[in-house]
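Beneath this line is the structure, given in structure tokens, with notes to follow.
What follows is calculated from the coordinates using simple rules that are stated; it is not laboratory data. Just so it is clear, the model here is predicted, and its values are computed rather than measured. Because the Cβ atoms are built from the backbone with ideal geometry, glycine has one as well, and the counts that use them run over all protein chains shown.
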Amino acid sequence: MADEIAHEDVEHVIVDRNNFTKSRHDVDLAAIPINGQHFLESIASDLWTETGPANYVRRIMIKQIKFVSIPVADQNRALDFYTEKLGFTIITDQPFDEKQRWIELRVPKAETRVVLFTPEGDEKRIGSFMNMSYACDDIEKTYAELTKRGVEFESAPSKEPWGTYAMFKDSEGNRFVLSAD
């Protein structure tokens, strides 16, 4: 059998015994979907650009969200809240300018970081609804633990057709969604 297969230099190989590389649109894909992910059909020339003979560079360069900035009025108070009540860890805490520090925090088990920083002119965002959600494994246990630590929730977890969630506020009045995976 091995003699019947043409031999070539191959850099990346995916063995797909379960046919995971078929998308819902029946298009052959070059990656295996994870967590129910689906891929959009694209023409190869839209994604790759030739930079020389048989040397292609991927045009899509964004790979993740590095950090999300949370506007705060008092960085010390916010730092205490996020580290002591939510359990985040400090990655960076250094001077930024005369008024603020650059405070970057790690959320346990997450790649995206949280930055406690308010860009000049965005002070009106402090105390508003944040367009992001925190996820947890067990919302009832997380709700109980965070409530015990002094986190203010608007109400107990609510089960909806699309999932279970609870709304909480940070030390600055910013409102967040907490949901179960």
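Structure values in brief
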{"read-out": "nm² value of the averaged projected area, convex hull over the Cα atoms of region 72-181", "value": "7.1 nm²"}
{"read-out": "Estimated distance in nm for a label pair at D137 and E160, the labels positioned 7 Å out from Cα along Cα-to-Cβ", "value": "2.5 nm"}
{"read-out": "Nearest-0.05 FRET efficiency for E120 and D181, computed from C-beta distance (R0 35 Å)", "value": "0.45"}
{"read-out": "Cleavage-rule hits, trypsin sites (Lys or Arg not before Pro), region 61-155, DSSP coil, Cβ neighbours within 10 Å at most 14", "value": "K63, K66, K99, K109, R149"}
{"read-out": "Sparse-neighbourhood loop sites, chymotrypsin sites (Phe, Trp or Tyr not before Pro) in region 136-180 - DSSP loop, at most 10 other Cβ within 10 angstrom", "value": "W162"}
